[in-house]
Amino acid sequence: MNDRASGAGADGRRERNKRDKLSRIRAAALDLFVSKGFDDTTTREIAAQAGVGLGTVFVYAETKRDLLFLLVNDDLEDCIRRSIAASQAEDTLYARLMAVMRIHFEYFGRLPVLSRQVLREMYFYQEGKQSARFLATRAGLGRLMQNLVERAVAAGLIHAGAAPDDITRVVFAIYQVELRRWLISEEPDLEAGLSDLGRQLLIVLNGLAPRPGTPSGTE
């Protein structure tokens, strides 16, 4: 075997070894966060269960919070990709937004105990090896929603007196609040949660202004 082939073989083994360690770290973190809870799990426990040194864990995540997002970043990025495709298949702004939100509700509903921890820890999550990916995904979801609003305005599907970015912030806020409220239940019902979300969303899309020829609603 020549030196080049030997080097390539060594590189391949190193890559497989890295993937194996990362897989074990992810599996250990998921198991402990679900069984013990985020607060009661230590990074040292995760390293021990994964069979790696603590330093190896820090190669992938600087903090325990980082480890939590190591578990979900791939999935959240996939949610964005699927949301883009799903929204293109709908005709109204309401249906497009609900298609996007359904995908995210479905994902967070798969493992509510972990999702509650993720939703709590994402507040003020700005630093860490996994934070850039998470922040990019959250920004991507906001951009997708704003793009849907802008397209609806341009197509005359909605009449908006407010700027699209302001509308998007309101829609995004409703999504975040309803997602958290839904996950309070030990066994969240997907369709019930989406029904509640849809009613709140329609308040924004339909507006509260009186229709022509009706009383103003003010005294």
Exercise. Is there a residue being of a type outside the set (D, E, K, R) and over 22 Å from Arg133 (Cα atoms) anywhere in the stretch 55-78?
Worked result: no
For this session: Considering every residue within the stretch 179-188, establish whether at least one is touching a Phe, Trp or Tyr at 6+ places or on another chain (Cβ under 7 Å), under 21 Å from Arg65 (Cα atoms), surrounded by fewer than 17 Cβ atoms within 10 Å (Cβ to Cβ) and touching a residue at least 12 places away in the same chain (Cβ under 8 Å).
Result: no
For this session: Quick one: in the stretch 17-60, of everything that is among the aromatic types (Phe, Trp, Tyr) and touching a Leu at 6+ places or on another chain (Cβ under 8 Å), which residue is surrounded by the fewest Cβ atoms within 10 Å (Cβ to Cβ)?
Result: Tyr60
Problem set entry | Failed criterion for Ala95 (all others in (1) small (Gly, Ala, Ser); (2) closer than 23 Å to Leu179 by Cβ; (3) crowded, with 16+ Cβ neighbours inside 10 Å hold) | (3)
Exercise. Quick one: which of Leu190, Leu205, Leu197 is touching a helix residue (DSSP H, G or I) at 6+ places or on another chain (Cβ under 6 Å) and modelled with pLDDT under 95?
Worked result: Leu205
Exercise. Is it the case that the stretch 49-67 has a residue that's under 22 Å from Arg110 (Cα atoms) and among the acidic types (Asp, Glu)?
Worked result: yes
Exercise. Looking at (1) without any contact (Cβ under 8 Å) to a residue 24 or more places away in the chain; (2) assigned to a helix (DSSP H, G or I), can you tell me which one Asp40 breaks?
Worked result: (2)
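In the list Leu148, Leu183, Leu119, Leu208, which residue meets the criterion of being touching a Lys or Arg at 6+ places or on another chain (Cβ under 8 Å) and more than 30 Å from Arg26 (Cβ to Cβ)?
Just one listed residue meets the conditions, Leu148.
Listed here are the residues, each with its yes/no results for (1) in the same structural domain as Gln200 (by TED's automatic domain parsing); (2) outside any helix (DSSP H, G or I); (3) under 26 Å from Asp74 (Cβ atoms).
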residue	(1), (2), (3)
Glu127	yes, yes, yes
Arg138	yes, no, yes
Leu144	yes, no, yes
Gly156	yes, yes, no
Ile167	yes, no, no
Val170	yes, no, no
For this session: For the stretch 184-203, indicate whether the set of residues that are under 21 Å from Leu114 (Cβ atoms), basic (Lys, Arg) and assigned to a helix (DSSP H, G or I) is non-empty.
Result: no
Exercise. Does at least one position in the stretch 110-117 carry a residue that is assigned to a loop (DSSP other than H, G, I, E, B), in the same structural domain as Gly193 (by TED's automatic domain parsing), out of contact with any Phe, Trp or Tyr (no Cβ under 6 Å at 6 or more places or on another chain) and of a type outside the set (Gly, Ala, Ser)?
Worked result: yes
Exercise. Of all residues in the stretch 67-92, which are of a type outside the set (A, V, I, L, M, F, W, C) and in contact (Cβ under 8 Å) with a residue 60 or more places away in the chain?
Worked result: Asn73, Glu77, Ser83, Ser87, Thr92
Exercise. Do you know which residues across the stretch 105-147 are touching a residue at least 40 places away in the same chain (Cβ under 8 Å), farther than 24 Å from Ala61 by Cα and under 12 Å from the mean Cα position of the chain (by Cα)?
Worked result: Phe105, Glu106, Gly109
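The values are calculated or read from the model by the stated rules, or taken from the named source; none is laboratory data. Everything numeric in this text was worked out from a predicted model, so none of it was measured. Because the Cβ atoms are built from the backbone with ideal geometry, glycine has one as well, and the counts that use them run over all protein chains shown.
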